[in-house]
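Presented below is the structure to which this report refers.
The values are calculated or read from the model by the stated rules, or taken from the named source; none is laboratory data. In this text the structure is predicted, and so the values were computed from the model without any measurement. Quick reminder, even Gly has a Cβ in these numbers, built from the backbone with ideal geometry, and neighbours come from all protein chains shown. All accessible areas refer to the heavy atoms of the entire protein, side chains included, with ligands and DNA or RNA removed. Shrake-Rupley method; radii C 1.70, N 1.55, O 1.52, S 1.80 Å.
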Amino acid sequence: MTRIKTAIFPVAGLGTRFLPTTKSVPKELLPVYDRPLIEYAVEEARLAGIERFVFVNSRNKSSLENHFRAAPALEANLAQKEKVTALQKVRRSILGEALEVVYQDAPLGLGHAVFCAREFVGNRPFAVILPDDFLMCEQPCLAQMIDAWSSVGGNMLATVDVGIPAISAYGCLSITGSDGRLISADALVEKPQPDQAPSTKAVIGRYILQPSVMKRLGQTKPGTGGEIQLTDAISADIKTSGLYGYEFEGQRFDCGQPAGLVEASVAVSRTRVNQVAVAA
């Protein structure tokens, strides 16, 4: 089975729910406890074996990509002062030549953002990670998915059961069968009315996609709001590649809104406190 080596991070959004903070600070750099939100997503990808990190950014958020580049002056200062822990934290975030950046010059939707990264995908399957979905898992979510995907291939989307009242805010799967945490599906429905939803299995921000989805994106016309929807391209590819959901083992926090960011920070702080207590 082909390895997943490339992950796309759509990070061009304005973060309007966090204004006025995001007027000058990218949402992805806001902290979850003691690290920027985006660092957790990058670390998850690293632990899953990702070797190329493609940021689909906007031109006014250069601080986001700079965060993952070397900072020689800062590193030299920390080394001179023997601030070992701080230096380790800084170096841990450096991606070096593994970081690729492409710019999305117009807010034309998630599908368009992913399509902007097409030159880095080629003819290989790839992952898409939305950092807003902060996932606390013993085994990283993407690693769980890759383990399952290696047996079935196709297109695979991370799912959570959100219940009937909330399903209208998500894309959801039409389920044909399941095997443990692996779900077989024959359709992907975007934001259905609760009484018309085929299931309560909502799609969240982790995807493993075949290169054929990228070709579909090139043929996908703008939908509601003039945006190109990733779900439309995945739906168009079902007969070619199949469709699977994966109910990952772990906890999800929606850090695309302030309350979710606070909840995630509290959860991480509790974990850190427990780790210190165990070590003591």
Exercise. In segment 137-173, what count of residues is obtained for those that are under 22 Å from Ile238 (Cβ atoms), of a type in the set (Val, Ile, Thr) and without any contact (Cβ under 8 Å) to a residue 40 or more places away in the chain?
Worked result: 1
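State the number of residues belonging to segment 6-31 that are of a type outside the set (S, T, N, Q) and touching a strand residue (DSSP E or B) at 6+ places or on another chain (Cβ under 6 Å). Lay out the reasoning, then the answer.
Within segment 6-31, the subset of a type outside the set (S, T, N, Q) is 7-15, 17-20, 23, 25-31.
With touching a strand residue (DSSP E or B) at 6+ places or on another chain (Cβ under 6 Å) added as a condition, the list becomes 7-12, 29.
Total meeting the criteria: 7.
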Exercise. Does any residue of segment 69-80 turn out to be among the basic types (Lys, Arg) and either open to solvent by less than 40 Å² (accessible area, probe 1.4 Å) or free of Cβ contacts under 8 Å to residues at least 40 places away in the same chain (or both)?
Worked result: yes
For this session: Could you pull out the residue among Gln251, Gln257 that is within 20 Å of Ile129 (Cβ to Cβ), open to solvent by 70 Å² or more (accessible area, probe 1.4 Å) and in contact with a strand residue (DSSP E or B) (Cβ under 6 Å, 6 or more places away or on another chain)?
Result: Gln251
For this session: Kindly indicate whether Thr220 is of a type in the set (Ser, Thr, Tyr) and under 21 Å from Val128 (Cα atoms).
Result: yes
Seminar exercise, completed: For Lys221, the lone unmet condition from (1) surrounded by fewer than 16 Cβ atoms within 10 Å (Cβ to Cβ); (2) of a type in the set (Lys, Arg); (3) part of a strand (DSSP E or B) is (3)
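Would you list the strands (runs of 3 or more DSSP E) that sit entirely within segment 143-201 and hold 2 or more residues that are among the charged types (D, E, K, R) and open to solvent by 40 Å² or more (accessible area, probe 1.4 Å)?
182-190
Would you mind listing the helices (runs of 4 or more DSSP H) fully within segment 23-116 where at least 1 residues are at pLDDT 95 or above? Steps first, please.
Values: elements: 37-47, 62-66, 72-80, 84-92, 110-115.
Of the helices (runs of 4 or more DSSP H) lying wholly inside segment 23-116, those with at least 1 residues that are at pLDDT 95 or above span 37-47, 110-115.
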